[in-house]
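What follows is one structure encoded as structure tokens, with my remarks underneath.
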Amino acid sequence: MNQTAIKIENVSKEYRLGAIGGGTLKGDLQSFWAKIRHKEDPNSIIGDNTGLSKGDRFMALDGVSFEVKKGEALGIIGHNGAGKSTLLKLLCRVTAPSGGTISYDGRIASMLEVGTGFHPELTGRENVYMNGAILGMTKAEIDKKFDQIVEFAEMEKFIDTPVKRYSSGMYVKLAFSVAAHLDSEIMIMDEVLAVGDMAFQKKCLDRMRDAAQLEGRTVLYVSHNMNTIRQLCNRCIVLSKGKVIFDGNVEEAIEVYMGQGIETPSNVDLSSLKRTQATLAPGVKLTGINVLENDIWKIRVGEKLKFSIEVEATENLTNIGYRSRLTCVDGTSVSVLLAPNLFSCKAGDKLTIPLEADISQLVPGRYCLTPVLYGVNQYGGWQFYDHIEKAVTFEVETKPGFNENMEWEQRWWGSVKLPEIVDLRTLGEK
């Protein structure tokens, strides 16, 4: 039995940049004749200094290859322009590849442009039937699932109202519900869970998770929301400039996508790093941060983090505090490390301050530190002297016996392991 749902082999998609046609047959013939004579195009825009000729080409996808097993939930992530949406359009046969082959086993339900085909003058009921037909459902299928579609979209009271009177959220909820109830072996989604209110987003995510984990459907999901990628997908690929640069574990894929997959050296020069905070007070700056007792920023679970900060002062200041915002590599906040009223300084001082942070309850994984120097002004407000976003990435490694030697499911259980629950019945025996 074939267990492969989708197979993509050396697929490429090439686009020509700029205008392709001249708008009329005469204009196209003039441009063609000028081109073969190596003359200037008489239909080109005068004064166009962009340097982009009509023959320029752009590879949206370049030699992409991977397989998706039946029942697998695959996440596809990458920065804007990486080729994610192009890949999904090829899979849905919206457009054809320039090269390579795509094969799949099963019916595909695509949710690329949710609500495509909805007519504003028709009622919700009429649009359900029309949109369902566009997606490939028969009238008998829609009749059978109509009540489920309406109930899922929470549109019972408004189903016979023209959709032009719907709010944008109502419109998208009904459109998503139609697509989600299409019986298909393969579901392809492009950021569709970023619709509706929070309760409906959760319902959509639960629906997609059930489709993958309980119904055995194959799911391909594109998103910039790393939390939904974590919750929905069991494998992830990263696209960059039309190529697959990573294919594997979800957490490792997120690290690659966020640019945090490289080890941070033990000594980090902060003086040249970019400051993104809008307003920083003068007087003192961070120039370095160094991990102690290690060659790289890596410790074992249960250990404390020992490091030092280097500062340079240009003014006389008192009661300067230090803090580090602690986040996962995707930016999800975990906690903050605080050292209030850490030091005072005089103009010209260069200080090295050793510190120890108790992060022993952090679970294995990769984390980022955002170091900040701050003070409190005479009005009780915060005053920031320095702020460097994600200056350090460090890793907490597991150790024998941690979590009974079972892998910690960070996406479900969080980033902190609290002390074990105490059995109150045993307290009297001790």
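Throughout, read-outs are computed from the coordinates displayed, never taken from laboratory work. Note that the structure is predicted; figures quoted are calculated from it, not measured. Cβ atoms come from the backbone with ideal geometry, glycine included; neighbour counts cover every protein chain shown.
When the Karplus curve 6.51 cos²θ - 1.76 cosθ + 1.60 is applied with θ = phi - 60°, which whole-Hz ³J(HN,Hα) does each residue of the range 396-413 get, with x for Gly and Pro?
9, 8, 6, 9, x, x, 5, 6, 6, 6, 9, 5, 6, 7, 4, 5, 9, 9
Largest first and in whole Å, what are the equivalent-ellipsoid semi-axes of the range 267-402 based on the Cα gyration tensor, each being the root of 5 times an eigenvalue? Intermediate results must be reported in sequence, preceding the final value.
Details: eigenvalues 151, 46, 37 Å².
After diagonalising the Cα gyration tensor, the semi-axes are 27, 15, 14 Å.
If each of Tyr379 and Ser240 carries a label point 7 Å out from its Cα toward its Cβ, how far apart are those two points in nm?
4.5 nm
State to the nearest 20 debye the size of the charge dipole of the range 267-402 about its Cα centre, where the only charges are +1 on K and R beta carbons and -1 on D and E beta carbons. Intermediate results must be reported in sequence, preceding the final value.
Values: 14 positive and 15 negative charges, 37 e Å.
Around 180 debye, computed over the range 267-402.
Pop out the ³J(HN,Hα) list for the range 283-298 in order, Karplus 6.51 cos²θ - 1.76 cosθ + 1.60 with θ = phi - 60°, rounded to Hz; leave Gly and Pro as x.
Going residue by residue, I get x, 7, 9, 7, 10, x, 9, 9, 7, 9, 6, 9, 7, 9, 6, 8 Hz, with x marking Gly and Pro.
Assign unit charges at the C-beta atoms only (+1 for Lys and Arg, -1 for Asp and Glu), then state the dipole size of the chain relative to its Cα centre in Debye, rounded to the nearest 20. List each step's numbers first, then the result.
Details: 50 positive and 55 negative charges, 197 e Å.
So the magnitude is around 940 debye.
To the nearest 10 degrees, how steep is helix 124-134 against the longest Cα principal axis of the chain, on a 0 to 90 scale?
80 degrees
Treat the count of other C-beta atoms within 10 Å as a stand-in for reagent exposure and order Thr218, Thr86, Thr426 from fewest to most. Present the calculation step by step, with values, prior to reporting the outcome.
On the way: Thr218 25, Thr86 21, Thr426 8.
If I rank by nearby Cβ atoms, fewest first, I get Thr426, Thr86, Thr218.
Considering the options Asn80, Val68, Ser184, tell which one lies farthest towards the positive end of the dipole of the chain, charges being +1 on Lys and Arg and -1 on Asp and Glu at the Cβ, about the Cα centre.
Asn80
Would you mind computing Rg(Cα) / (2.2 N^0.38 Å) for the chain, counting N as its residues? Can you show the working numbers first?
Details: Rg = 28.2 Å, N = 430, 2.2 N^0.38 = 22.0 Å.
After normalising by residue count via 2.2 N^0.38 Å, the value is 1.28.
Taking K and R as +1 and D and E as -1, what net charge do the other residues with C-beta under 12 Å from the C-beta of Tyr171 add up to? Walk me through the intermediate numbers first.
Values: positive: Lys164, Arg165, Lys173; negative: none.
Within the 12 Å Cβ shell, the charges total +3.
Which whole-Hz ³J(HN,Hα) couplings does the range 88-100 yield from phi under the Karplus relation 6.51 cos²θ - 1.76 cosθ + 1.60, θ = phi - 60°, glycine and proline marked x?
Coupling constants for the range 88-100: 5, 5, 5, 5, 8, 6, 5, 9, 9, x, 7, x, x Hz.
With angles folded into 0 to 90 degrees, how steeply does helix 25-36 sit against the dominant principal axis of the chain? Use alpha carbons for both and round to 10.
60 degrees
Considering the dipole of the range 267-402 built from charges on the beta carbon (Lys and Arg +1, Asp and Glu -1) around the Cα centre, which of Ala339, Phe307, Thr276 is farthest to its positive end?
It is Thr276.
For Lys390, list long-range residues whose amide hydrogen, built 1.01 Å from N in the peptide plane, is under 5 Å from its own amide hydrogen.
The list, which skips near neighbours in sequence, is Thr370.
What order do you get for Glu397, Glu303 when you list them from fewest to most C-beta neighbours inside 10 Å? All intermediate terms of the calculation are to be shown ahead of the outcome.
On the way: Glu397 12, Glu303 16.
In order of increasing Cβ crowding within 10 Å: Glu397, Glu303.
For the range 323-400, what log10 I(q)/I(0) values come out of the Debye formula at q = 0.16, 0.19 1/Å, with one point per alpha carbon and no solvent?
For the requested q values the scattering log ratios are -0.72, -0.93.
So which trypsin sites (Lys or Arg not before Pro) in the range 237-335 end up in coil per DSSP with only 14 or fewer other C-beta atoms within 10 Å?
Working: sites: Lys241, Lys243, Lys274, Arg275, Lys285, Lys298, Arg300, Lys304, Lys306, Arg323, Arg325; in loops: Lys241, Lys274, Arg275, Lys304.
Here the sparse-neighbourhood loop sites are Lys241, Lys274, Arg275, Lys304.
Name the residue, out of Ile237, Ile296, Ile229, whose mean-square fluctuation peaks in a Gaussian network model built on the chain with Cα pairs under 10 Å.
Ile296
Most fluctuating residue of Ala278, Ala357, Ala180 in a GNM of the chain with Cα springs under 10 Å: which is it?
Of Ala278, Ala357, Ala180, the most mobile in the Gaussian network model is Ala278.
Given H placed 1.01 Å from N in the peptide plane, which residues other than close sequence neighbours of Phe158 have an amide H under 5 Å from its amide H?
none
Might you report the magnitude of the Cβ-based charge dipole of the range 61-121 about its Cα centre, with Lys and Arg at +1 and Asp and Glu at -1, to the nearest 20 debye? Write out the running numbers ahead of the final one.
Values: 6 positive and 6 negative charges, 22 e Å.
Charge dipole, the range 61-121, about its Cα centre: 100 debye, nearest 20.
Going by amide H atoms built from the backbone, whose H comes under 5 Å of the H on Arg300, apart from near neighbours?
Glu397
For the chain, modelled as a Gaussian network with Cα springs under 10 Å, which listed residue fluctuates most, Met198, Met258, Met170?
Residue with maximal mean-square fluctuation among Met198, Met258, Met170: Met198.
I'd like the orientation of helix 198-213 relative to the chain: the angle between its Cα long axis and the longest Cα principal axis, in ° from 0 to 90, rounded to 10.
Once rounded, the angle reads 80 degrees.
Report Rg/Rh for the range 175-293, rounded to two decimals, where Rg is the Cα radius of gyration and Rh the Kirkwood radius. Let's see the in-between values first.
Working: Rg = 20.4 Å, Rh = 17.8 Å.
Over the Cα atoms of the range 175-293, Rg/Rh equals 1.14.
Using the count of nearby Cβ atoms within 10 Å as a rough guide to exposure, how do Ser223, Ser177 rank from fewest to most? Numbers along the way, then the final one.
Working: Ser223 20, Ser177 25.
Least crowded to most crowded, the residues run Ser223, Ser177.
For the range 122-250, with the dipole built from +1 on Lys and Arg beta-carbon atoms and -1 on Asp and Glu ones, taken about the Cα centre, which of Gln231, Leu122, Tyr171 lies farthest toward the positive end?
Gln231
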